Amino acid sequence: MSGSNQRISIFPTRMALTTMKTKLKGAQTGHSLLKRKAEALTKRFRNITRQIDELKRKMGIVMQTASFSLAEVQYIAGDVSYQIREASTKAQLRVRCKQENVSGVMLPTFEMYVEGGNAFEFTGLGRGGQHVQKAKEVYQKAVETLVELASLQTAFVILDEVIKATNRRVNAIEHVIIPKYENTIKYIISELDEQDREEFFRLKKVQGKKKDKAAAAEAELEHYDDGQPVFQGANETGQLDNSNILGDDDKDVIF
């Protein structure tokens with residue numbers, strides 16, 4: 001959509017021209033800001049993508065280690081699941097959510113923390129206690145990695161949608177709004193120039209008519225004879241007689 005033939009329906013005046021120039025300047029400023037925002041979000045998006053890839057690779061190793069640790073516990077201490085269920089009254093690993101501002105976009109950040117003491121300190125007391133503790137630490141590390149991965153993937157989805165919306169706005173301003181304002185400004189300027197040409201032509205016509213009237217008045221003054229005005233008299237038919245009633249000799253009038 002090039003927008004080459006699009007313009008806003010507006011009456012061409014100088015006030016409208018000033019308004020459209022102001023709107024064009026605002027659109028250009030907004031386009032620049034949105035473009036910078038899109039670039040910053042894209043940079044953060046690529047960084048998050050790289051971190052997600054690294055965490056997924058790390059997650060595979062951590063889960064593999066955790067599975068081996070659980071197998072060792074089951075081999076040495078037997079089934080300790082009933083002891084864990086009895087000792088578990090409330091969750092020790094908890095997750096809290098924070099928000100991070102990235103170029104005006106609020107991204108949620110999940111953080112894991114431990115609340116309370118060790119509820120499984122007596123688990124494996126008879127045998128395999130060291131392996132139970134090791135398995136607990138490994139699985140705690142796995143949960144921490146999962147929480148970090150969930151935080152990054154949530155930010156990934158949000159940034160993906162925001163970047164798409166921002167790019168749509170940038171393209172709309174660049175290819176629709178700015179060309180429409182520019183075409184409207186060109187139209188107003190052309191109409192104002194046409195009005196100026198019409199006004200100049202009208203003034204020339206008025207000046208020409210004034211010159212013609214002045215020439216006619218000057219020609220009429222040339223009809224004066226020796227400083228005496230020329231009077232027009234009416235003949236017998238009632239029409240004006242252009243003869244000079246004072247210039248002819250009248251025998252009946254004696255002075």
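Numbers for the structure displayed
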item	result
Pairs with Cβ under 7 Å, 6+ apart, first in segment 16-29 and within 19 Å of Asn171 (Cβ to Cβ), second of a type in the set (D, E, K, R) and at pLDDT 90 or above	Leu24/Glu182
Given (1) touching a helix residue (DSSP H, G or I) at 6+ places or on another chain (Cβ under 9 Å); (2) open to solvent by 50 Å² or more (accessible area, probe 1.4 Å); (3) part of a helix (DSSP H, G or I); (4) of a type outside the set (Lys, Arg), number of the condition His31 does not satisfy	(2)
Selected residue (criterion: modelled with the lowest pLDDT) from residues of segment 108-139 that are touching a Leu at 6+ places or on another chain (Cβ under 7 Å) and surrounded by 13 or more Cβ atoms within 10 Å (Cβ to Cβ)	Ala135
Check on Lys58, open to solvent by 70 Å² or more (accessible area, probe 1.4 Å), at pLDDT 85 or above and under 21 Å from Ala142 (Cβ atoms)	yes
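The values are calculated or read from the model by the stated rules, or taken from the named source; none is laboratory data. From a predicted model like this one, the values you see are computed outputs, not experimental measurements. Cβ: placed from backbone, ideal geometry, glycine included. Neighbour counts: every protein chain shown. Just the protein is used for accessible areas: all its heavy atoms, side chains included, with ligands, DNA and RNA removed. Shrake-Rupley method; radii C 1.70, N 1.55, O 1.52, S 1.80 Å.
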